[in-house]
Structures are given as structure tokens and as C-alpha cells.
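Right, one structure below, let's go through it.
The values are calculated or read from the model by the stated rules, or taken from the named source; none is laboratory data. Computed from a predicted model, the values in this text were never measured in an experiment. Neighbour counts are summed over all protein chains in view; Cβ atoms, including those assigned to glycine, are modelled from backbone coordinates with ideal geometry.
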Amino acid sequence: MKLPGPDWLAPAKLNLFLHVVGRRDDGYHLLQTAFTLIDRCDRLRLRVRADGRIDRVNVVPGIPPDNDLAVRAALLLKEASGTTEGADIEIEKAIPIGGGLGGGSSDAATVLMALDRLWGTGFGREALAEIAGTLGADVPYFLDGRPAWAEGVGERLTPLEIEPRWYLVLTPPAGVSTAEVFAAPELTRNTEPLKMEDFSARPRVKRFTNDLESVVTARHPVVRQHLEWLRERVADARMTGSGACVFAEFERREDAEAVMRGLPGSMHGFVAQGLMEHPLREV
């Protein structure tokens, strides 16, 4: 089933670095990271229903409707607003699932922004962020929708001034469990906190890495192979989030595309541009 437009875009994100700097008493990890959106987007189409039901109308492989953050976001907004309306939701996936690119969280944030408008609930970004925080640590970032320095469990966001860049993202065929990575006994959990000013400086301090990378590459050889291939061409290539995707940064699109043309047939990826704001930020 294909719903009529318009398309509501849900962009992917990259963690330009990711450090685990501590752990709270409740088990949640304390992080430092830098987020940027990229123009690799899922496309969502929504149709208001008068009967109050929330339905996802298409199949998304590997994600049952009951576990879909987009559906849960709609249900939470409906409950919080008290609206009697419902919605059909169609999700056209372009963001790899389980790759550390935040596709599910982004879909949820886009549903919140879109239905806030379509239902006329008038919550606005601040009230939506409270709902978003119950769905996952990344969802509030997608509502903010600008490059950001994040701390805490990812909820404390500070706008980050960075130049637009191009990224080559490789997509290893691996399903990485975020929960298992953070539970790994070998994970480093006491990285020294660093300063946002050092990250923004050029050349960037080399200590900005991904603490989850060693855990994932040890457990998933295919991720290690992709990362090693990319690092032979771009020394500071790294993994995003808890993987499996790995990426390298370029100033020019042509340079990113030149590296991608050398990909062996067993590897896949895409070139994307960093976004300075979410496509729906002004909606």
C-alpha cells in the first residue's frame, strides 16, 4: 500500500566520535559525542484517520509494527495530546537498519513533528522533546536537528559549529546489538572527558575516537574488514554509534566518490552530505 504524499523526511546521523566517560548508578552509560545529520533519508507518508487507530501500513523487514519506534511515537503523542484522531504510517527505508545511523530514532522524531502538525496538537519542539526522551536517547537530537555536542546519556545538547562535509559510509552486513556492546565487560568506560573547543579546532585532536569500535570489530570480523579497508585510504575513518556502519570524512564530494569507486564487489556504501539542520526543523 502506498499512501499519497507529501513525503516527510527522516535523515540519518553520524557520531563523529563517541566516548564512554562513566556509568550512572542505574546502569546507563555517560557519553560524550558529536552528532551531525546527513542527507541519507527515510521517507515517511502519513494519513490522518478519524477512527483513532494507529497503523503502519507497509512491511519493514526486521521491524514488527509493535516494536517500531515510529508507531510508538504516534501512540505516545496521541495519549499526551488526547486527540481522537489516528494515523496510517508508511515508512520507505533508505537508512540501513542496525547500522548505528539512528534510522529508527529519526523516524520517530519525524512522526512526532509531522503528526503535531497534521493533528494540530500544537506541542512544539520543547514538549515533543519530553515525549522523545522516553523513546530513546537519540530521538531528542533528531528533533533538535542541528550539529550538536552531546553529553549525559546523549540528552544534553549544545549546538556545534562545524563546516559542512561529505561522508563515505560503508554498510557491513552485520547486525550489531547496541545493548550487547554496552554490556561487554571489555568496554572502556572511563575515557577522559574532552572539550568541545578541541573538537571544533582544525586539525582535530586525534583522541576523538569511538570507544565502542574495538568491542564491535572484535566480535564482528566483517565490520573490522570494512574499517581496515577504509583506513587504508583515509587514516581517521571510524565507526558510527554502536555500528555496524563505518565512515570517512571529506571536504569534497569528488574525493568521497573516488574512494567509493574503488570498493570491492563484496562491500557496499554510499556518499552523503552533512546537513546543517533537519529538513523539517521549521515545520
*Are any residues in the range 112-126 part of a loop (DSSP other than H, G, I, E, B) and at negative phi, and if so, which ones?*
TRP119, THR121, PHE123
*Condition check for ALA80: assigned to a helix (DSSP H, G or I), closer than 30 Å to LEU16 by Cβ and in contact (Cβ under 8 Å) with a residue 40 or more places away in the chain*: no
*asked:* Considering only residues that are touching a helix residue (DSSP H, G or I) at 6+ places or on another chain (Cβ under 8 Å), hydrophobic (A, V, I, L, M, F, W, C) and surrounded by fewer than 21 Cβ atoms within 10 Å (Cβ to Cβ), which ones fall in the range 112-126?
replied: TRP119, PHE123
*Among the candidates GLU277, GLU249, which residue alone is acidic (Asp, Glu), at negative phi, touching a residue at least 12 places away in the same chain (Cβ under 8 Å) and surrounded by fewer than 18 Cβ atoms within 10 Å (Cβ to Cβ)?*
GLU277
*Check the range 39-56 and report whether any residue there is in contact with a helix residue (DSSP H, G or I) (Cβ under 9 Å, 6 or more places away or on another chain), at pLDDT below 95 and under 28 Å from VAL153 (Cα atoms).*
no
*Give the range 27-39 a look and list any residue that's more than 20 Å from THR191 (Cβ to Cβ) and surrounded by fewer than 22 Cβ atoms within 10 Å (Cβ to Cβ), or say none.*
ASP39
_Conditions first: (1) over 14 Å from the mean Cα position of the chain (by Cα); (2) part of a helix (DSSP H, G or I). GLY175 passes all but one, so which condition is the exception?_
(2)
_If ILE97 satisfies all but one of (1) part of a strand (DSSP E or B); (2) within 30 Å of GLU249 (Cα to Cα), what's the number of the condition it fails?_
(1)
_Condition met for THR158 (among the polar types (S, T, N, Q), within 23 Å of GLU249 (Cβ to Cβ), surrounded by fewer than 21 Cβ atoms within 10 Å (Cβ to Cβ) and touching a residue at least 12 places away in the same chain (Cβ under 8 Å))_ = yes
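Yes or no, residue by residue, for (1) surrounded by fewer than 18 Cβ atoms within 10 Å (Cβ to Cβ); (2) in contact with a Gly (Cβ under 8 Å, 6 or more places away or on another chain); (3) of a type in the set (Lys, Arg):
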{"site": "GLY52", "(1), (2), (3)": "yes, yes, no"}
{"site": "PRO61", "(1), (2), (3)": "yes, no, no"}
{"site": "VAL71", "(1), (2), (3)": "no, no, no"}
{"site": "SER81", "(1), (2), (3)": "no, no, no"}
{"site": "GLY100", "(1), (2), (3)": "no, yes, no"}
_Hits in the range 190-244 - residues which are over 21 Å from the mean Cα position of the chain (by Cα), closer than 25 Å to MET260 by Cα, of a type in the set (Gly, Ala, Ser) and part of a loop (DSSP other than H, G, I, E, B)_ = ALA235
*Out of curiosity, is GLU257 assigned to a helix (DSSP H, G or I) and touching a strand residue (DSSP E or B) at 6+ places or on another chain (Cβ under 9 Å)?*
yes
_Please verify whether LYS2 is touching a residue at least 60 places away in the same chain (Cβ under 8 Å) and among the basic types (Lys, Arg), treating the condition exactly as stated._
yes
